[in-house]
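The values are calculated or read from the model by the stated rules, or taken from the named source; none is laboratory data. Quick caveat: nothing in here was measured; it's all calculated off a predicted structure. Using ideal geometry, Cβ is built from the backbone for each residue, glycine included, and neighbour counts are taken over all protein chains shown.
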Amino acid sequence: MPPGGSRPLICDRGPEPPGSTSSAQVSNYNGRAVGISILPARAPGGPEGPGARAPEGPGQPGASSFSSQGALQKPYRRVILITLAMFSGYASTVVMQHELQVHLKIPSDPSSVEKRLFTAAVTCQYLGNLIFRLGHNVFVCLGPSSRVILSQLAMMLAMGIILLLFYYPIDVHYIAEEGSPSTFSEQLLAASTLSSSSSSVSSTRSNRLISSAEPDSSGRGPPTTTSSITIFGGLFTLNPVVLVVTAYLFSGLAVGTFESNAMASLAPLGPETKLWAVIGLPLGFNVISVGGMAALSLGFPRYGLYVFVLVSNLIALFLYRFTLPSVVRQKGGSSRSCCFWRSSERAGEATSTQRFVSHSLGNEVQDEEHFAEAGQRVRVQEDQSFGVTELSSTSRGMKSSLLRVLPHSLGLMIAMFGVASCTGISTNIFSASKVPLFADDPNSRFLIDQHVYLAIQNAFVFVGDSVSRKIVYHQLKEQSHFRGSIFLQIRLLLAFVCFTVAGLYLLSLRMGATAILGSFLIFYANGSTYATTTRWVDLRLDANFHVSALSFWLFVGDIGSVAGSSLTDVYHRFLCPEGVKFYNVCQ
């Protein structure tokens with residue numbers, strides 16, 4: 001019982017077992033009780049069991065208390081299906097961009113208004129990621145586990161919107177040469193005019209918008225095209241790019257909210273479980289980028305991949321909600337807002353220590369499957385308290401954590417720039433039906449089907465991304481790897497940056513064989529950077545700041561994603577200059 005004689009405010013605290021005392025300890029950070037500790041239950045006055053964990057000494061401030069739990073828990077390998085489903089959705093919005101563009105009958109000319117609108121629309125995936133890396137905190141009444149479920153629902157909604165584009169027919173319209181808009185803003189206004197009302201579709205030849213299956217017969221050059229889609233029985237007539245923007249923003253919300261909250265909520269299950277979750281990220285991406293492309297080469301319909309993602313996320317939601325231990329849900333469960341008000345009403349009666357443990361994550365919870373038999377208990381506590389002293393201390397800890405993760409954030413930003421650039425270059429340069437493995441020669445014997453080539457390339461992407469994560473994660477098992485100065489960490493991250501730069505150079509050669517090697521290097525750097533940071537956060541940051549640190553890290557990383565995706569048309573103009581004859585690339 002704390003000094004002062006009154007019982008701490010604890011939300012939903014379960015009863016103590018008869019004849020035992022609570023043995024949960026809390027680590028110390030800047031004089032406050034934080035973190036998670038696991039100790040065996042013991043009889044009053046009895047000695048602590050051999051598995052007892054001593055409080056952290058002053059030599060290890062802020063070390064995560066999750067790093068020593070792996071030996072106590074078996075891995076939950078099913079979590080790989082949860083992250084796999086989410087990143088299959090991520091892949092469907094990235095590697096399927098060209099397939100979606102073809103379905104929407106959008107021209108490949110980077111100077112056309114439809115192509116420029118489409119490029120801006122698909123960039124919304126990375127923009128949504130960027131916003132919700134930190135913006136997921138607007139869901140203040142939801143804890144990490146509830147936010148994971150929200151992100152899964154958002155991904156299913158995104159897939160449903162994209163499937164509307166396949167269910168309803170796409171109509172192509174032409175803008176006549178005479179009096180046609182000359183600037184991008186005027187073209188955008190003309191294209192949006194079509195989606196303002198269905199009457200625009202039946203406009204006369206005197207108008208600029210012509211509803212016709214063929215270009216204007218005036219013979220004044222190629223017309224500008226725009227598309228429309230009529231949904232819900234003619235209730236709405238829209239430019240399909242509007243639906244692409246909506247779907248990609250929801251997908252960005254899903255991925256941006258999912259990653260940091262999933263990793264934080266799974267942390268109590270131990271590093272081995274978290275490793276399976278990390279491996280699921282590249283595996284899910286490559287289920288679509290490799291398996292999906294191979295299926296398309298065999299005639300599988302495009303919409304089938306989006307249906308697969310929708311169903312797999314529905315299954316993943318069930319697995320996450322109903323098959324994992326309760327400690328995952330209680331690491332920021334849905335009772336958080338209830339506990340907030342309950343503790344706020346009595347905040348004036350509590351000391352600062354008592355006010356800290358009144359937070360909803362100050363519950364003492366029990367993992368039925370693994371900790372009950374051993375008589376162990378888990379106390380999960382977070383850094384939110386309601387006094388001025390606690391708020392100041394939390395702010396100092398948060399600032400320290402974000403500064404320490406900044407070098408890792410910059411490394412991820414460069415890695416994600418390479419990843420987004422790799423996708424844009426590959427899908428725009430190798431857009432013809434055949435891809436040359438070497439020089440772009442019309443008589444070349446080394447040509448390969450585009451879908452088969454992309455499947456092979458993405459297989460190397462998968463190997464580079466997943467193998468690097470496993471290698472780095474196991475090499476950095478011990479905390480001693482991160483006890484060096486910040487310059488040692490920067491040196492490690494710079495090595496990964498060199499891989500990214502080398503990979504981009506190999507992609508710029510416009511040869512399929514070198515592009516495969518370049519993609520491997522880029523994604524090897526990305527996987528290494530990801531695993532290095534997630535392991536470092538586990539070992540060296542206080543558990544209370546995991547979500548904040550990972551959110552900031554991913555937010556900075558997605559700045560690189562947005563930049564790389566926005567430069568897709570720039571890459572096309574640079575690598576495919578006008579006046580140069582190309583046969584199987586830059587089509």
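One line per residue, one yes/no per condition, for (1) among the β-branched types (Val, Ile, Thr); (2) under 30 Å from LEU402 (Cβ atoms); (3) in a helix (DSSP H, G or I):
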| residue | (1), (2), (3) |
| --- | --- |
| ASN544 | no, yes, yes |
| ALA549 | no, yes, yes |
| VAL556 | yes, yes, yes |
| PRO577 | no, no, no |
| VAL585 | yes, no, no |
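Would you call GLY291 small (Gly, Ala, Ser), within 29 Å of SER519 (Cα to Cα) and crowded, with 24+ Cβ neighbours inside 10 Å?
Numbers: small (Gly, Ala, Ser): yes; within 29 Å of SER519 (Cα to Cα): yes; crowded, with 24+ Cβ neighbours inside 10 Å: no.
When the stated conditions are applied, GLY291 does not pass them.
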Can you confirm whether the range 464-472 contains a residue that is more than 21 Å from the chain's Cα centre (by Cα), of a type outside the set (Asp, Glu), crowded, with 24+ Cβ neighbours inside 10 Å and part of a helix (DSSP H, G or I)?
-> no
The one condition in (1) buried (at least 17 other Cβ atoms within 10 Å of the Cβ); (2) modelled with pLDDT under 90 that ILE516 fails to fulfil | (2)
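Go through LEU117, LEU157 for me and flag whichever is surrounded by 20 or more Cβ atoms within 10 Å (Cβ to Cβ) and touching a residue at least 60 places away in the same chain (Cβ under 8 Å).
On the way: LEU157 fails: surrounded by 20 or more Cβ atoms within 10 Å (Cβ to Cβ).
That would be LEU117, the only listed residue that is surrounded by 20 or more Cβ atoms within 10 Å (Cβ to Cβ) and touching a residue at least 60 places away in the same chain (Cβ under 8 Å).
Only one residue in THR257, THR226, THR230 is modelled with pLDDT of 85 or more and hydroxyl-bearing (Ser, Thr, Tyr), so which one is that? Quick ask: steps written out before the conclusion?
Numbers: THR226 fails: modelled with pLDDT of 85 or more; THR230 fails: modelled with pLDDT of 85 or more.
When all the criteria are applied, what remains is THR257.
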Modelled with pLDDT of 90 or more and either surrounded by 22 or more Cβ atoms within 10 Å (Cβ to Cβ) or touching a Leu at 6+ places or on another chain (Cβ under 7 Å) (or both): does that describe SER251?
-> yes
